[in-house]
Every structure is written in C-alpha cells, then in structure tokens.
C-alpha cells in the first residue's frame, strides 16, 4: 500500500453543517464501494472548499467560483472517474453563478454539492445571495433554477440535521452520475453556527417532498408547483425534488485512454496534411 | 519584376481583390492562388475585413513570389476592384504601372487615387453577369478571365484553373462559370488584350511540395499531433479558427473540443482535463486572456500543464478586433497574481506554429505549468505556403507521470515532492495508490495547505527551478541577414517575414543588418541577450505604442541604449520596403 497524504481533520467549527455533508459523501463512496483512486473531489473556495482534503480520494482545490467547469473538464477527460464537485453558496451562487446554468444545460454526469448556509463564513460573516432567500422571501432558489432548465434530471435538497435523508440523497446522486445518467445536483442546508445559525429555524421550515402523498419526482411541472408553493408559505422543499429515472447512460469518449502515439495515428495525420497541399 | 524584351516578366506579384463583404472577393483570389501555385509561386494570403458578419469593405490580399516571402509586398500590381471603395483603398498602393480591373456597373473608376501610369479596365462585370449569365456571383469568373489575360496566361491554362476550383460543384454551375470566364476573354479581346498580347508574362518555376495553411490551423494541427486531446475555448477574433478546427478534428481522434460559456470556464475546463492527465489547450485573444489571468496563476501555482494561446489583436480593451498588434507582451509575460514560472513561445509563420505547438504541448507536460503560444492576427489568420509539416517526426514526451507500478515500488508518494530539478512525480486521478491533493494555495509536499515560512520558500524555489531545468531545450530563434553586421534587427511574430526581406533590401542599400526572431520570448534566452550585446544597436520592430518588447529585453539586462524601437500601432502590418526605409532613414541620420 503506497503511503500518500493523510486525510486532514476538518477545519470547521464544532456543530458546522458541513460535517454532515462530508459524512454523507464518505457514506456514499463506501456504500457504492468506489475505490478512492477512482474518485476526484473538487471544491471551491470557502469553508466548504476544504472537504476534498478530508476524504482520502484525489482532491482538487478549485479557483473561487470555478469548480463546475473544472469538474466538467475532469469528467470529459476521463468519464471513468467519479467526479464530485462541492462548494458553498458564495462560491456557487455568487461568483460562480454563471456556470451553474451551463452545468444544468450540458448535463454532464458528475455530482455538484452546494453547502448552503446563507453566509460567507471564511471571510467572517458577509451576506451571501441566499441570506434572505431560504425562507422564500426574495433571494434565490437553485432548485427552481434547475427545474427551469429542461436538461436537468437530478435535483435534490438535504439538510445537515437530517443525516439519514442526506446520506440517501448523496448516495443516489453519486450512483446516478457514476452510471453516466447526467448531472446530479444536491443542495444541502448546512448551517453556519458562527455567523448564521439556522438549525432551529430551518427545522421548522423544511418539508421532505418524498413523504408527500403522491409526489412524483419525474413530473417537472408538479415539482415546480410544490417547491414554489412551499416557498410562498415561507417553507423549504427538501428530498428528491426531480428525478428523471428513465434517463439512460450516454456513451462518451475517454480522451485519457486514447492512444496518442504519433505512429499509431500517422496515416490519419498525413491524410489531414494532404488537404492543405497546393 | 524584371523586364525581358518588351514583356515584363512577373516573378513577384501582389494582388488585391476587394469589394463589399459577400462579393465573393475570395473566389477571385482563390482562382489566382491556384494559378500562381501551379506556376510554382509561393503564396502569402491575407484578408482585410470589417468586424461584422457580412458587408462592409472586404479585401483579399495575395502575394505570389518565386522566392518564398513571409509578408505582403509594398505595392499592389493587380487590383481587382468590385466597387469604388476598393479603388480608393487599394489605389494609393498601386505600383506605377499597376493594373486595375474595375467593375464599372455603377460608373467609371475615380482616377485621382491611381498613379499616372496605371492601366484601368472598366468592365460592368456585375451587369454582364446578371444580364448574360443571370447570376451576380459569376462576375468572379468573368474578372478572372480578364486578369488571366493581363497576366499573359493562356486561355487553356485559365480554364484548367477554373475547372479545378469548381470541380466539386454541380456540372451546370461549373459550365456557367466557364461561360463567364470566356465572356471575360471576349471582353479582353475587345480591349486589345488578346491571348498572348499582354505586356506582362507570368514566370514559372518547378513547384515543389507545399501546403497552404494559416497559423491558427497549423497550431491546432501541431497540438493534435503532439497528443493534444482536449480543447476548450470561447469564440473571439482572431482565435476562433482554432476552436472550429479542433471541434472538427478532435472527436475523430478520440478527443474533446467544446465551446465554453466564457473564458473563465474555458481555462478551468482545460485545467480539469489537464488534471486528469489529458493534454489540454485553450486559445483566446487579449480581452479573453485578461479574463483568464486567475486561471493562469493557478496553473503556475498548482503545477498543472496547459497550453494557453493568445492570438493578439489591437487593444486596449476591445480595441480593433480584426487588426494585428503585439501589445499583450506585458500581460503574457507578467500577468497573473504572484510569482510563478511560465514559458512563452512566439511563432512567426505556420511552420513555427506547428513546431512550437508540438513543443509547447510537450513542454507543458515536462515542466507542469503554463506554456503560452503568443501569436498576432497576421500570424494567426494569414495563409502561407510552407513545406509540409513533418508529422512523422513528432515525439511525445510524457514527463514525470507515474504509474501504479511505480507507486507500489516506491511505497510513498508526495504530489509536490521537492526535487533537484523542481519537477515532482505526477500521479493522475485513476492511478491506484496515487491519491493526492492539488491546490493553488501554498502547500507542503503532501499537497496540504501550509503557510509555514521555510516550506513556503522551499516550494517557491522548487517551482522556479523548473524553468532552469527546461531552459536548455527552449526553442532558439531564427537568424537572417548579415551575421557579422554591427547593426541588428529583432522582432517576433508577424515581423519575421517583413524583417527578413527588409534585411535584404538594407543590404542592397549598403546597410547590412543581422536579424533575429526569438522564438522563445520568456524566459529571454542568452542567445537574445548576446545578439544585442554583440551589436552597436538593434532595431526592435514591434506593433505597439509602448515598445513592450524593448522594455522586456531591457528588464533582463539587455543594454537599453542599444535598442532602437521601430513602432507601429495603426493596425496595419509593416511592409518590407517601408520598414527598410525607416531603418535606412535612422541609419543615414547617424
């Protein structure tokens, strides 16, 4: 067994919601029996942007807001890897917001976990775009955004205080992406105990749609009606909000496995050169 | 041009075909290019377009010469003008006995822009094409007929050229074009320009094996052959051809090319692919490169191999998108926050573009960091005949990528191991036993974030050592002119061809100069420093207002008082005679 880095101990405050997220990730990898060398965890900048140090997998610390294109690049280069991008609401919904729309649109099979706490913790308490939005008043809802983009197929929201639900959602997301079905988006309500402790308030606002009578996560319009309806009441939908279970894995090329030896490609290269002969 | 008997024998010819965008100016230029190519002429083809989809004044500029030339000439010999604006723009550059073939559908040509000796054929191409052939586009073949007669080319040869150009079209279209060509011949007859009656005679030579290719295409080709299999880019003039070329070709070779949502995404997509061990590249122009700066710093810090192409255009800001400039030198060499090693290669023609793209792709992997290819609009988009690329001679160098077996044998693996050569063994994701942490933060050998001062210094020094490791293999420059001359001429990119020819003109005028085109711009090679140190003065030819190349050389210890910047920043490339004239003026004044 080759000795590599020792997974770090989390830097988070005692009680931080991110512990639950990390636990759910570790659970998913174990439950699906994925060897650590086949996993790449990429994280952005912020408190959440340290989770990749703690899991014993391949890890990458992305530029602020750029975890999505970086993860897409890893996936496209080697679709055999299990790619999990992670970050906070500042990273994902402020500086990196532009990429989220395109991640939904491209629908490349990797997981994106946003740890949403409504605040910038690492820089000491500034408002994030969701600071005043999670109870449905103003602000912004990434799940609703995802629902509005037809290519999306997996949208879920968990809550760090509900570890069983979160582990289930995370495992399903990793499985969905690993099977090549598409982009799996998991937003986690992950309170910041230091700057925006919302454990108690969110506990009373969340409703797990999976426990709703007759909720059908494959019905996009109904899902939108439920999430916006709950938001109008000042509440927050959690659970498997959208799941296109019929989506089939796509065939993708694997650039990392391609033979780039010039000798192996010589005839094709010469053919290409011939097109320019005068 | 030389004169034999009563005929002027054409060995070096500049043609301009111009009109409103959509006139098909390029079709006539293509036909003339095929004709010249068959006669063994080397070609240099440029376009002068407005930054809009269609319309606006557009020109194709072409030089054919029996000696290979890397730029357009100073004067235009043959101007095919589809409108008055073409005469207005091309006329002042017409040679004294130049010829204008003018579409007089809307009236006669305005002569005030033309030299007194110019010969003008006024032909209502468009009206004739529409009246007799029922399609405006046929005016191209008609104009080509008159041009071929003027060049002293036999009708049969002109017809062969036309047949080759339209061989892929439906037979009736080819036949209609042939009819148009013959109508052109008939018109020439009516003007006393019968077959063989021209005062000009196009020379010919044995045509050796050549390709006609632009710098952007050559660069993309080189990247492919060097094993490049991932490209991400955002459309921007004058880099977009690299995106479209690779979108067509990479999938055929198991690779991926995609159009990103912006330049921030483009460079981070490339970073992701490179992390996974695939040879990756992105290309842009100045404004896009400005957006990529954080990613470039990340490449340097986190030690990720990506080739970054900057096809420079006129700045600042959005500047003049379709015009060439060399004003990103400062940004490319110094951009990005913090200190990190980088390599900047500067190709001067399509051959360089191919070879340096191969080198850049290898170098990025060897030294695990950003390697720039710095072009300019002219190098990027002008097409030049060059010898076919040596695709069989390309070698792929993998650098210090480690396998599972290597890892098992060594028992321990540190992604950022401090080594004598500064380069750390690299396990790419998917390799059993190689799990590691990659970060742009300062980190220890294990990839764990660290601000410990001694570690910081050791890591910075390790990264910087990588440049010394690869320095001996960095591509040397190209020399031309008179090697032992006390006066030098130096420039990068599009200056190569102009300088080479200017050096010949200067030598003929009694001022021999030694020339250097550095192909490695950063780090500045000893070769470049030595070139200046061995001379009394060196003219530094650059397209920018700040003399950025001059300042770069001075910043590494080249004596500033020996450097004489020769600057231009009007969006128009130097021409050889003009450049020689400016240097001659300086030299005479001394």
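For chain B, the longest principal axis of the alpha carbon atoms and the long axis of helix B:576-588 meet at an angle near 70°. Taking a cut-off of 21 Å, what percent of all Cα-Cα pairs in segment B:376-503 are separated by more than that? Here the tail beyond 21 Å accounts for 63 percent of pairs.
Take every pair of alpha-carbon atoms less than 8 Å apart whose residues are at least six positions apart; their mean separation over the length of segment A:18-249 yields a relative contact order of 20 percent. Expressed as a fraction of 2.2 N^0.38 Å, the value expected for a compact globular protein of N residues, the C-alpha radius of gyration of segment B:133-215 is 1.20. Once you reduce segment A:153-212 and segment B:363-400 to the center of their Cα atoms, the two points are 47 Å from each other.
For segment B:2-202, the spherically averaged projection of the C-alpha convex hull amounts to 10.9 nm². Averaged over residues, the count of other Cβ atoms within 10 Å places the peptides B:103-112, B:443-452, B:75-84 in the sequence B:75-84, B:443-452, B:103-112, highest first. For segment B:286-394, dividing the convex hull volume of the Cα atoms by the residue count gives 84 Å³ per residue. Derived from the Cα gyration tensor, the three semi-axes of the equivalent ellipsoid of segment B:478-588 are 19, 16, 12 Å, largest first.
Output the direction-averaged projected area (hull surface divided by four) of the convex hull of the alpha-carbon atoms of segment B:336-426, in nm². Over all viewing directions, segment B:336-426 projects a mean Cα-hull area of 8.6 nm².
Packing around the peptides B:243-254, B:376-387, taken as the average count of other Cβ atoms within 10 Å per residue, puts them in this order, highest first: B:376-387, B:243-254. Taking the square roots of five times each eigenvalue of the Cα gyration tensor of segment A:130-278, the equivalent ellipsoid has semi-axes of 44, 17, 16 Å, listed largest first. For chain A, a Gaussian network of Cα nodes joined below 10 Å ranks A:26, A:177, A:267 by mean-square fluctuation, and the top entry is A:267.
Once divided by 2.2 N^0.38 Å, the Cα radius of gyration of chain A becomes 1.07. Divide the volume of the convex hull around the Cα atoms of the protein assembly as shown by the residue count and you get 190 Å³ per residue.
For the residues of B:421-429, the average number of beta carbons from a partner chain within 10 Å of their own beta carbon is 3. Counts of other chain beta carbons within 10 angstrom of each beta carbon in peptide B:565-576 average 0. Working note: Debye formula, equal point scatterers on the alpha-carbon atoms of chain B, no solvent; log10 I(q)/I(0) at q = 0.09, 0.11 Å⁻¹ is -0.75, -1.03. Between the helical axis of B:25-38 and the longest alpha-carbon principal axis of chain B there is an angle of about 90 degrees. Rg and Dmax over the alpha-carbon atoms of segment B:404-472 stand at 12.7, 35 Å.
Taking the C-alpha atoms only, the angle from helix B:286-302 to the longest principal axis of chain B is near 30 degrees.
Taking only the Cα atoms of segment B:471-542, the ratio Rg/Rh comes out at 0.96, with Rh defined as the Kirkwood radius. Computed over the Cα atoms of segment B:307-358, pair by distinct pair, the Kirkwood hydrodynamic radius stands at 12.6 angstrom. For segment B:212-393, the Stokes-Einstein estimate of translational diffusion at 37 °C and a viscosity of 0.692 mPa s comes to 211 µm²/s, using the Kirkwood hydrodynamic radius over alpha-carbon pairs. Cβ-to-Cβ counts within 10 Å put A:61, A:102 in ascending order as A:102, A:61, the fewest first. Taking every residue in B:222-234 and counting other chain Cβ atoms within 10 Å of its Cβ, the average works out to 3.
Coordinate-derived values only; no laboratory data. This structure is a prediction, so every number in the text was calculated from the model and none was measured. All Cβ positions, glycine included, derive from the backbone under ideal geometry; neighbour counts span all protein chains shown.
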